[in-house]
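Take a look at the structure set out below.
The values are calculated or read from the model by the stated rules, or taken from the named source; none is laboratory data. Keep in mind the model is a prediction, meaning the values are calculated, not measured. Backbone-built Cβ (ideal geometry, glycine too); neighbour counts: all protein chains shown. What goes into the accessible areas is simple: the full protein's heavy atoms, side chains included, and nothing from ligands, DNA or RNA. Shrake-Rupley method; radii C 1.70, N 1.55, O 1.52, S 1.80 Å.
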Amino acid sequence: MASSLRHFAGLACFPASPSPSPVSSSGATCFLRRYAPNFCAFAALRPIRPPAAAFCAPNPRASPTEHEQRQDPGHQDAAPCHDDGDPPAPAPAALRVGIVGFGNFGQFIAGGIQRQGHAVLAASRSDYSAYCEQHGIRFFRSVDALCKERPDVLLICSSILSTESVVRAIPFHKLRPDTIVADVLSVKEFPRNLLLEILPPGFGIICTHPMFGPESGKHGWGKLPFVYDKVRVAEGGDQATKCDQFLSIFEQEGCRMVEMSCAEHDRYAAGSQFITHTIGRVLSQLNLKSTPINTKGYETLLQLTKNTISDSFDLYYGLFMYNVNATEQLDNLERAFERVKQMLFGRLHDLLRKQIVERVPISAFSSGKLENGKSNSSIVVQEEKKHVSPVASLTSPPTTLQPIGSSPGQ
């Protein structure tokens, strides 16, 4: 063993013994070295220490002794340390999101994108160059110029009615072949099928619907629902990473993330969003005004009317035209209104029968049109013919209902 150590470390680590007997001295030295080796002999075999940047930062959970050892200039580690084994992956670069259609809603969405540290590029038919200059956004006069910049994500923020013409005019051949295209329309099956039809095969498709807008989201996006459907996204790789980055914008803004298919979204939206807009549009036709005795419920209706008519009629028409479930909901609403009318008029008929058959006096009936355009008097005459003999003539409009068998003068 001693000879092996001499081979690596040289004779300097093994001082000569004063004993005159070289054999016994050599044997004693080998025996001691076998059980108490001098590891400094292997110092020359240690790997060269890498630069300081290759070592991990001190672990805040490490003991004081460990911190002292790291700070000691004379203390050298044998190898770089990594708390989790492999070095952490570098953070992905910020996205470059191109917005096509930079109206009120496009500007609203751009604010959230920028708050999360991503760059925004915008193109629109109207000139928003002054607005973009104030908000650090690159504005392009045409979609063609925007596509030459090859953004990571192309976000369609056009109206429902103009979406198809806008999408068909985009020069997709100028974009990268793995570009992600997303929309924010209030209907989902229509843009899904349109993008699948037009986009090249390698493009990613994400259909989204922020269930809020500049008015409802002006105080923040926290807990507001954001619906999305990853229609076509390559698993793994750069496209999947950018898809997650894009969706994380809304998640980091505090949205309640709801993943569902486009078909399921449209079923829910027809029974909620479209009905809400319909009721608001109907109430707006009544020209409702605030009164000195408003109830909370009435104020809610006034606010609903205000919010609804603040949106364009094109939006409402788009909700109807491009959602296959909207017609069914409109029919359901009409039938529901008819049932409520029948409940009211049914009770009125019961009151008339009680007066005619059971002689229950009713002081007065106001004239007016009832169900199917019939007047009060016509219903009274029909009920009298069913149950009693002809009675005194009841002219229309009647002022009071005459008891059976009495004359008009009584």
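Probe radius 1.4 Å, ligands and nucleic acids ignored: give me the carbon and sulfur share of the accessible area of region 173-327 as a rounded percent. The computed percentage sits at 55. Spin-label model, residue 296 to residue 348: label points 7 Å out along the Cα-to-beta-carbon direction sit 3.2 nm apart. Taking 27 Å as the cut-off for C-alpha to C-alpha distance, list the pairs among 223/306; 242/306; 148/218; 148/242 that go past it. Too far apart for the 27 Å limit: 242/306; 148/218.
Rounded to the nearest 10 square angstrom, residue 159 shows an accessible area of 60 square angstrom against a 1.4 Å probe. Label-to-label distance, residue 309 versus residue 150, with points set 7 angstrom from Cα along the beta-carbon direction: 5.1 nm.
Between residue 341 and residue 287, the C-beta separation translates, for a Förster distance of 22 Å, into a calculated FRET efficiency of about 0.55. Here the spin labels are modelled as points 7 Å beyond Cα on the Cα-Cβ line, and at residue 258 and residue 358 they lie 4.8 nm apart.
Accessible surface computed residue by residue for region 219-338, with neighbouring protein chains in place and a 1.4 Å probe, gives 60 Å² per residue.
Extension gain, residue 334 to residue 169: 0.36 nm times the residue separation minus the Cα-Cα distance gives 55.4 nm.
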